[in-house]
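The values are calculated or read from the model by the stated rules, or taken from the named source; none is laboratory data. Model, not experiment: these values are computed from the prediction. Every residue, glycine as well, gets a Cβ built from its backbone with ideal geometry; the counts of neighbours run over all protein chains shown. All accessible areas refer to the heavy atoms of the entire protein, side chains included, with ligands and DNA or RNA removed. Shrake-Rupley method; radii C 1.70, N 1.55, O 1.52, S 1.80 Å.
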Amino acid sequence: MRTKLIAGNWKMNGSLADNEQLCKAILAGMNTSQTAGVAVCAPAVYLSQLQNLLSGTAIALGSQDISSHEKGAFTGELSAAMLKEFGVRYAIVGHSERRQYHGETDTAVALKAKAALAAGITPIVCVGESLAERESDKTEEVVKRQLAAVIHENGHCISEIVVAYEPVWAIGTGKTATPEMAQAVHAVLRAQLHAASSVAAERVQILYGGSMNAANAASLLSMADIDGGLIGGAALKAADFLSIIAAAN
Ligand code: PEP
């Protein structure tokens with residue numbers, strides 16, 4: 001039985017004061033007997049602050065990106081080893097905003113996942129189709145292509161990843177995939193993992209992301225292959241994030 005994982009993606013939001021307030025409110029509201037894992041993926045400049053705030057708590061720390069390179073002349077990038085020094089346990093890779101605004105290819109994303117795994121950081125690999133791709137019935141083809149690159153580069157380590165299915169048209173738009181729509185894609189991804197490794201199919205958590213909120217979390221999280229959520233907007237409000245965590249328990 002896979003445990004659920006609720007991961008917040010703060011994107012480019014926060015401040016020293018706001019982060020402290022948000023983390024303290026989430027920690028205060030979390031049920032000590034909860035079974036779901038919880039993580040927050042913060043802007044890199046705040047990782048040190050959050051390492052101090054979250055160490056020894058039930059909230060794991062995540063980054064929003066990671067370099068595929070070990071070190072050297074890669075201005076602006078952060079290596080897995082550097083992130084590890086700041087207590088990072090998860091790294092989002094291939095978020096659609098990075099694919100869209102930074103031209104990240106499927107192979108680049110797969111190599112980022114590989115660098116994370118080599119350092120003992122769990123990559124949260126994002127896949128998802130655009131509205132045009134959904135409307136032209138390409139959803140399955142797109143998400144399978146994106147995941148195939150990660151499977152190809154990561155071989156037997158594939159059971160150590162987390163996948164997040166994030167339909168691009170649902171991110172930050174208030175439009176959510178219905179539980180049935182999301183489940184159908186999650187089942188495709190699960191079957192693809194199974195073809196690569198039965199262990200991976202059993203172990204890998206497949207999160208849903210795209211306007212998940214306090215009102216729709218329970219129905220999405222009740223689906224057989226939805227093992228948690230990657231939460232953007234609702235992760236910035238303690239009460240909403242706590243409701244989603246509660247729905248996962
Ligand atoms: C995201 O950015 O990964 C996301 C799912 O955002 P939102 O929840 O705001 O749609």
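Below are the figures for this structure:
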quantity	calculated
FRET efficiency, 1/(1 + (r/R0)^6) with R0 35 Å, evaluated for A195 and T57 via beta carbons	0.40
Volume in Å³ per residue [convex hull over Cα atoms, computed for region 93-227]	101
Relative counts (whole %) of C-alpha pair distances in region 1-141, using bins that are 5 Å wide	2, 9, 18, 20, 19, 14, 10, 6, 2, 0
Whole-angstrom gap from region 26-60 to region 170-227, using each part's C-alpha centre	23
Charge tally in the Cβ shell below 13 Å around E104, where Lys, Arg are +1 and Asp, Glu are -1, E104 excluded	-1
Fully extended contour minus Cα-Cα distance, from S33 to A218, at 0.36 nm per residue	64.8 nm
Percent RCO, i.e. relative contact order, over region 209-249, from Cα pairs under 8 Å lying at least 6 residues apart	51
Accessible heavy-atom area order of H69, H156, highest first, probe of 1.4 Å	H156, H69
The chain: relative contact order in percent, alpha carbon pairs under 8 Å with at least 6 residues between	22
Simple spin-label estimate for V45 and K138 in nanometres, 7 Å along Cα-Cβ	3.7
Kirkwood Rh (inverse of mean 1/r, distinct Cα pairs), the chain, angstrom	17.8
Normalised contact order of region 155-249, rounded percent, pairs of Cα under 8 Å and 6 or more residues apart	32
Rg/Rh ratio calculated on Cα atoms of region 159-213 (Kirkwood radius)	1.03
Cross-link pairs K84/K138; K144/K175; K71/K138; K84/K175; K4/K175 - those with Cα-Cα distance over 30 Å	K84/K138; K71/K138; K84/K175
Estimated distance in nm for a label pair at E77 and K237, the labels positioned 7 Å out from Cα along Cα-to-Cβ	3.8
